[in-house]
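Data block below; observations after.
Each reported figure results from applying straightforward, stated rules to the coordinates on display, with no laboratory input. Quick caveat: nothing in here was measured; it's all calculated off a predicted structure. Backbone-built Cβ (ideal geometry, glycine too); neighbour counts: all protein chains shown.
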Amino acid sequence: MNLYLKLNILSVLFPLLFSFHPRIAFYREWPYVLPAIGVTAIVYLVWDIVVTAQGHWSFNHTYAGKGVLKDLPLGEVLFFFCIPYACLFVYWIFRLFLSEKLLPLPIVAFWILAGVFLLGGLLNLKRGYTRLAFLSCAAFLVLALTVKPSLLQSSHTWEYFIFSFIAFLIVNGILTGLPVVLYNPNAILGFRVITIPVEDFFYNFSFLGFNLLLYRWLAEGV
């Protein structure tokens, strides 16, 4: 079993097992969680397949294994299912055991931020990963502001993102440090946090954001 596959299994193992704990019972959320993960995964897998073919990034087969879906190794495919499941499980824990607060974050600030991301994408048309990472963040914010703006003001949402980014620094630090994933220097800005391209942070924000938004929309409606 290669390293990438092991990271996915370790990430989802305990959340999956504890989903059946009587005080947590996350499995009851599966009718909403699983479709949210599945729909988001399809979109991001298509993105992944296309940009891998275009050379935005590639995989070190020593750590990732051979491709099973086009040029994507199994660990990369499972990433789109295992990581959001683990993160949404933790989000559920926050909702169960922590009181929710409405943060004093003005909605107009998020519209401005969406505009900044849109501008960032348009200014980096020649850097494929940078462009798509920024535009995906803009798309998430616009959709969230249109469908469920209260989500962006919830303390649970930002607890979810903070936890996810801490876990992301560990897992993605391994993936980019060995490296398991190799990035085309022409597709990125070249700025890194330790070994992680800055674009990965925006990619992660939009990816996990869409998972959360779709889950909440399915569970609670507008």
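Numbers for the structure displayed
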item: Sites excluded, chymotrypsin sites (Phe, Trp or Tyr not before Pro) in DSSP loops with at most 16 other C-beta within 10 Å, longest stretch of the chain; result: 21-190
item: Whole-Å distance, taken between Cα centres, linking segment 37-93 and segment 159-219; result: 12 Å
item: Whole-number percent relative contact order across the chain, with pairs defined as alpha carbons under 8 Å at least 6 apart; result: 27 percent
item: Sum of -39500 (n - 2.57) over DSSP H runs of 4+, divided by residues of the chain (222 nm, nearest 500); result: -23000 deg cm²/dmol
item: Extension gain from residue 13 to residue 147, taking 0.36 nm per residue of separation minus the Cα-Cα distance; result: 45.0 nm
